Amino acid sequence: MKLNKIFSKSKRSKRAVSELIATVLLIAITLVLGSIVFIWTKSLTPEAIIKDGKNIELVCQDVSFRASYISSTKTILISNDGNVALDDIKIKIVRISSFYQIGITEVQNTPVTFILNPGESKQIVNDKNLFANAQKLVFIPVLKGKTQSGKTEEYTCSEEYGKEVVIG
């Protein structure tokens, strides 16, 4: 009878320990999975870029510039008519069956930094003849801003804020 009591007591205590371990394991697994999901979803949403105290996507609406291309001299003329500095320009080169995009600094053989402050104009010569057989060019503004963590990031505005120039 005494032996029976010992076995029944030990069975009960073993079961209690395994329930405790199971609970701790479930909580630990839940915390680990929750952390993984949190980190994964955080990486999916990009950090907001701020310029002049506004979200950079909204600053694109304030961009105002003129762009033209003179084929005879292979010269790009760009004037910043707005009050937002243009940190770069992407050029979408549209041909009959294809298009591709380059930065304005890739047009010349010599490397150039491109910043166009409000009221400024620039002429850039197309040394590499990249626009041969192009039907049109679309000049798309690129702005720089700061993320909440303090990093400087480039943001290419939507094509709707760009300027289209028909070549031929």
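The values are calculated or read from the model by the stated rules, or taken from the named source; none is laboratory data. It should be emphasised that the depicted structure is a prediction, and the values quoted were computed from it without experimental measurement. FYI the Cβ positions are ideal-geometry reconstructions off the backbone, even for glycines, and counts take in every protein chain you see.
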Suppose the filter is over 30 Å from Lys42 (Cβ atoms), modelled with pLDDT under 90 and not hydrophobic (A, V, I, L, M, F, W, C); does Pro118 pass it?
no
Identity of the residue in segment 121-159, under 20 Å from Thr45 (Cβ atoms) and β-branched (Val, Ile, Thr), that ends up surrounded by the fewest Cβ atoms within 10 Å (Cβ to Cβ):
Thr152
Does Ser149 meet the test of being under 25 Å from Glu57 (Cβ atoms), modelled with pLDDT under 90 and of a type in the set (S, T, N, Q)?
yes
Residue by residue through segment 115-146, note down the ones that are part of a loop (DSSP other than H, G, I, E, B) and either among the polar types (S, T, N, Q) or within 21 Å of Glu57 (Cβ to Cβ) (or both).
Ile115, Asn117, Pro118, Asn126, Asn129, Asn133, Gln135
Every residue in segment 43-57 that is of a type outside the set (D, E, K, R) and either at negative phi or crowded, with 16+ Cβ neighbours inside 10 Å (or both), please.
Ser43, Leu44, Thr45, Pro46, Ala48, Ile49, Ile50, Asn55, Ile56
Quick one: what pairs do we get from segment 83-101, first residue in contact (Cβ under 8 Å) with a residue 40 or more places away in the chain, second among the acidic types (Asp, Glu), C-beta under 8 Å, 6+ apart or different chains?
Val84/Asp52; Val84/Asp62; Asp87/Glu154; Asp88/Glu154; Lys92/Glu159
Selection over segment 147-168 where residues are part of a helix (DSSP H, G or I) and more than 15 Å from Lys54 (Cβ to Cβ) yields a count of 2
From Ile56, Ile140, Ile89, Ile104, grab the single residue that is modelled with pLDDT of 95 or more, closer than 25 Å to Lys151 by Cα and within 23 Å of the chain's Cα centre (by Cα).
Ile140
